[in-house]
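What follows draws every value from the coordinates through simple rules; no lab data is involved. Remember, predicted model here, so these are calculated numbers, not experimental data.
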Amino acid sequence: MRTHKVLAAGAAVLTLGIVFLAGSQAADDKGPREDVERLAALAAKDPADLHKKAEAYAKNLDSLEDVMNLLKKRMKDGKGGFGIGPKPTGQPNDGIEARIQNWGKKAPGAAELKDKDALVQMTERTQAIGEIALAKPPKAAPGKDPKEWKEYSEEMIKGSADLRKAIEGGDPKAIKDVANKLNASCTNCHGKFRD
């Protein structure tokens, strides 16, 4: 009788452990999207706290790839990168990276600047991703110097903050200039570090 109780108690503990692990796995399947959102909320309010929390977050991050992929285009079904604004548009520029590239080539029109809140949110997300990247440099390897990674990450952080200011100011030419500089930094970093 006692053996049955011990076995039953062991089975209950094992079941709870499996349920807990399954729940943890389900939470992990969402990827870094929600974590980056929480960090992005600190970009304008408290950049020093963003930096500190991004460092802590990066320590537990296996790979930076899922974080960086949030800059890519959002698909019509809502998957993919963050996108711009609350709803997928299916447009080619519904992604942070695409929007910055486009603005680096051509200043945004008045219609593109209507939803300043969504555009500011875009820059805050970019700044948060830059802070995470800064805290997660690659190991030194031929042609991949962590010091250069640091420089590119700092340029991304500063460029994101500058882009937010330009958007808030509503000056299309200033937005184009900042976006061009930010895009060049990203392109240079990709040329050195993307596999």
| request: Beyond 20 Å between alpha-carbons counts as too far, so tell me which of Lys105/Lys173; Lys106/Lys147; Lys53/Lys116; Lys79/Lys106; Lys45/Lys116 fall in that bin. | output: Lys106/Lys147; Lys53/Lys116; Lys79/Lys106
| message | List the residues, sorted by chain then number, that are 5 or more residues from Gly95 or on another chain and whose placed amide H is less than 5 Å from its amide H. | response | Arg74, Ile84
| Can you list the HN-Hα couplings for segment 89-105, worked out from phi with the Karplus curve (6.51, -1.76, 1.60; θ = phi - 60°), rounded to whole Hz and with x for Gly and Pro? | 9, x, 7, x, 9, 8, x, 5, 4, 4, 5, 5, 4, 4, 5, x, 8
| Taking the alpha-carbon centroid of each part, what is the distance from segment 34-78 to segment 149-195 in angstrom? | 16
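What translational diffusion coefficient, to the nearest whole µm²/s, does segment 32-193 have by Stokes-Einstein, given a Kirkwood radius computed over alpha-carbon pairs, a temperature of 37 °C and 0.692 mPa s viscosity?
Result for D is 209 µm²/s.
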